[in-house]
Amino acid sequence: MITAKDGKFVLSTKETTYAFEIRETGHAEHLYYGEKIRFDEDLNSFGALRQKREFPLGNSIVYSQDNQALTMEDTLLEVSGYGKGDLRSPMLNLVFPDGSRTIDFVYNTHEVLKEIPKRLTLPGSYDEAKEAEVLKVSFVEREGIIEKNYRLRLNLYYVVYENENIITRFADLINQGDGDVIIERFLSMQLDLPDRGYHGIFFDGAWAREMHSYHVSLGHGMHVSRSNCGTSSNRANPFFMMAKGDTNEDDGECFGFNLIYSGNHMEIADSNTYGKIRILTGINDEGFRYVLKPGETFEAPEAVMTYSEKGFNHLSHNMHSFIREHIIRGEWKNQSRPILLNSWEAAYFKFDEAKLLRLAKRAADVGIELFVMDDGWFGERDDDTKALGDWEVNPKKLPGGLKGLADKINKIGLSFGIWVEPEMVNVNSKLYKEHPDWCLVNPRREHSEGRNQRVLDLSRKEVRDFIIESMSRVFSSANIAYVKWDMNRVFSDVFSVGSPEITHTISADEDGKEITVTDKKVLKESELAALQGEVAHRYILGLYEIMDVLTNKFPHILFEGCASGGNRFDLGILSYFPQIWASDDTDPICRAEIQQGYSYGYPMECMGAHVSASPNHQTLRRTPMKTRFAVAGFGTLGYECNFNDFPKELIDEVKTEIALYKEYRDLMQHGMFYRGGYGPLADMHVGQDATSVLYNQTGYGNIITWTMASPYGVRAVGMMLKKFVLPNTQNITYFPKGLDEDTLYHFSNRELKYDIRDFGDLVNTVAPVHIRQDSLLLDFIAKRVKLPPEKEDYYAYGSLLMNAGVALKQNFSGTGYNENVRYVQDLSAKIFVMEQAEEDTDEEKGD
């Protein structure tokens, strides 16, 4: 709900309040963002929040002679710029036609809208139910002393999603003057808050180790997290949080922020000496320079923010609900995703139709629903050095073309999907030979390549048209149900030799509709040079145009974004593609940490997660199939291994896993996700005493626990992953979350059978004859004899399970083993199931 009265504004969600007001000088002063508070009807209680001022601060700039107590450096603002005494990092940096840089935006008008304005160049949030309210506040440059102002208008938009406790913010800058304005920085959101001992929590990483969380104290100086990769990047995800030091997963004050953008971005936390913190997010200004011509509008990407006083899990639920309802769209919104087998790690580039069909038949036998042919099906693509951009089927590999293979895959009973990488080109390709100028390449320099490929210049219309036409031809050539859209490098030597389109909007035609006219002109070298600071941003706008056209043209296709794994995992991509490949690293120990990192800001159904071979292709680590499935099951499950090489025993295990996942698929993909433990500030909570070490089994991070619960707590699935065994620690308690306190549950574990070979020489303590390790006799026995599993079987109310926890069976500790001992190795995972039970269940059950 939005309340606007006498220059005072209150934005309310179910659990939060955001308040600011227009000062007598025309500046918007921020007053409050946090737990929901109550105001009187006339908003007179704003006076209690308002910062009190009587005299100027020493050694500071006063705003004007009429307002000498007002020091911008010591004011919480909604928008900021250079030149008027605010020495913190600004939201805007502009250069006006006369070369001046001072910015002084003051209030002009406001209105409350019932619909979200459609963005012309960028994706944004949407509201099908038409329940969101929008506050639009317009600012103009203050009138000058000698002559009129620079005739620049700034529109700030606040979109209130009441049920999700989300407020989004975006901004437009409109040049209503006669000269060019240079935009050197235009960020999407500014949030000024009093310092309350906050810590910033950011997510960095690299290829194969995305979404590593780290935290920094925000009490002094400035911290910047940013990408200059050309993508949102695996180096610094645009999602970040801020929290008090005592915040954990289920309690404490925290804020979450994200950006609906897929290119270079920056997140800034700037603290000053007056006890104030400024949070900024938006397009990275490094290398950015945009010429805003008279009559033009520049749109800043939409930023997302939320607040929770109930810890990180509640903050995540706010973000997850928002993404599910207001970011993901199209036919696959809220739909269950198919279980797929991807051919990549099974075949890489070495395949033909016969090999793929053998793999697909085995996949159908175990319950797979979708077969995906990865890289290598087009041109002379036998490795990653050639043919990228030549989107014609290789007849030697696929003599019947895509349609021939797809039809055969469909007859087996599987849907069919393919891999593409439309934004890239190899120098050794027909496309490059025909259009070498289509790449982002500086012709005066030797190009620095990544993965033997170059980036196509999506700022150019002819390049976008080629991609749309070629992909349309591919997608319509067969019954294609899924597309993995890859992008395998970051930017280098960014330079465009093409001319951007010049778009003019004519006010209205006879029917009152706006008319947009696009034309193109050849620019002089000096004009082209002036536009190079726009290229990276225009690339992203071009990408959005391509995705928009293709997803609307092929609405039935399930698109999965990919960029060397998680190099472009962001809300911009999710506005078109409902899921993203989270990481090329499928090692379950690495993946558990990666998926946990993503889970703070993104729902689990957005994450492509695959079971792969052991040893793992990225780490060479050996892990049990049970562990690989347990981790991948908390995402959009897929497999990426060669079933044709699996022994019958392993095939049977895969069948069982897939059947289990199908039984709980809706819950696993659309439930409420809870993390156990303390959260990203754990090192501030966990001491080094013996009790905490035993509880955490060698410290925070060694045990990862997750629970996926249905919205009303009817059922839940839990997972406990142990990385390393600590000797002689027999007891551990599992705490599920998200249950209904007054509901009776049947708590049980997934019962597994264990291979006697995992016990090594210990088998000889019970065997009547000596059995040598790695012998044929041991293999013979292992195929016929399995060790009994422990059984966890209890009936208890949700309040008991969540607050007291479940004391699990004793860990194996080297002193004996039977069916009442938990089999626990390094890298092992357990799955628990909680189902609503009948109230008249025998009370003795579970004793």
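The values are calculated or read from the model by the stated rules, or taken from the named source; none is laboratory data. On a predicted model such as this, the values are computed, not experimentally measured, just so you know. Ideal geometry is used to build each Cβ from the backbone, glycine not excepted, and the neighbour counts take in all protein chains shown. For accessibility, only protein heavy atoms count, side chains too; no ligands or nucleic acids. Shrake-Rupley method; radii C 1.70, N 1.55, O 1.52, S 1.80 Å.
Data for the structure
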item: Region 437-475, residues that are in contact (Cβ under 8 Å) with a residue 60 or more places away in the chain and open to solvent by 30 Å² or more (accessible area, probe 1.4 Å); result: Asp437, Arg451, Asn452, Arg473
item: So Lys355, is it within 30 Å of Asn644 (Cα to Cα), assigned to a helix (DSSP H, G or I), in contact (Cβ under 8 Å) with a residue 12 or more places away in the chain and open to solvent by 20 Å² or more (accessible area, probe 1.4 Å); result: no
item: Those strands (runs of 3 or more DSSP E) lying entirely in region 274-343 with at least 2 residues under 30 Å from Ala659 (Cβ atoms) and open to solvent by less than 30 Å² (accessible area, probe 1.4 Å); result: 340-342
item: Of residues in region 746-781 being assigned to a loop (DSSP other than H, G, I, E, B) and among the hydrophobic types (A, V, I, L, M, F, W, C), the one surrounded by the fewest Cβ atoms within 10 Å (Cβ to Cβ); result: Val769
item: Flag for Gly219 being out of contact with any Leu (no Cβ under 9 Å at 6 or more places or on another chain), crowded, with 20+ Cβ neighbours inside 10 Å and among the small types (Gly, Ala, Ser); result: no
item: Residue ID - modelled with the lowest pLDDT, chosen from residues in region 153-185 that are touching a strand residue (DSSP E or B) at 6+ places or on another chain (Cβ under 6 Å), among the acidic types (Asp, Glu) and over 29 Å from Ser12 (Cβ atoms); result: Asp180
item: Qualifying residue in region 43-59 (condition: assigned to a helix (DSSP H, G or I) and of a type in the set (Gly, Ala, Ser)); result: yes
item: Region 782-813, residues that are in a helix (DSSP H, G or I) and touching a helix residue (DSSP H, G or I) at 6+ places or on another chain (Cβ under 8 Å); result: Ala782, Lys783
item: Sole residue being at pLDDT below 95 and either of a type outside the set (Val, Ile, Thr) or not in a loop (DSSP other than H, G, I, E, B) (or both), chosen from Gly230, Gly219, Gly200, Gly205; result: Gly219
item: Pick from region 242-273, criterion part of a loop (DSSP other than H, G, I, E, B) and under 23 Å from Leu76 (Cα atoms), ranking: modelled with the highest pLDDT; result: Glu253
item: Residue list for region 708-745, filter: assigned to a strand (DSSP E or B) and over 25 Å from Glu839 (Cβ atoms); result: Met719, Met720, Leu721, Lys722, Thr733
item: In region 451-472, residue farthest from the chain's Cα centre (by Cα) [restricted to those that are among the β-branched types (Val, Ile, Thr) and part of a helix (DSSP H, G or I)]; result: Val463
item: Test: Ala837 is among the small types (Gly, Ala, Ser), modelled with pLDDT of 85 or more and under 20 Å from Phe629 (Cβ atoms); result: no
item: Of all residues in region 2-37 being within 21 Å of Phe255 (Cβ to Cβ) and in a loop (DSSP other than H, G, I, E, B), the one that is least open to solvent (accessible area, probe 1.4 Å); result: Thr13
item: Residue, farthest from Leu340 (Cα to Cα), within region 535-566, restricted to residues that are among the polar types (S, T, N, Q) and out of contact with any Asp or Glu (no Cβ under 7 Å at 6 or more places or on another chain); result: Asn552
item: Which listed residue is touching a helix residue (DSSP H, G or I) at 6+ places or on another chain (Cβ under 7 Å) and farther than 20 Å from Cys562 by Cα, from Leu315, Leu359, Leu341, Leu280; result: Leu359
item: Which numbered condition Met373 fails, given (1) under 27 Å from the mean Cα position of the chain (by Cα); (2) open to solvent by 10 Å² or more (accessible area, probe 1.4 Å); result: (2)
item: Enumerated strands (runs of 3 or more DSSP E) restricted to region 70-189, each holding at least 1 residues that are over 30 Å from Ser60 (Cα atoms) and either open to solvent by less than 20 Å² (accessible area, probe 1.4 Å) or not hydrophobic (A, V, I, L, M, F, W, C) (or both); result: 105-113, 133-141, 152-161, 166-175
item: Residues within region 413-426 that are part of a loop (DSSP other than H, G, I, E, B), closer than 25 Å to Glu545 by Cα and free of Cβ contacts under 8 Å to residues at least 60 places away in the same chain, tallied; result: 1
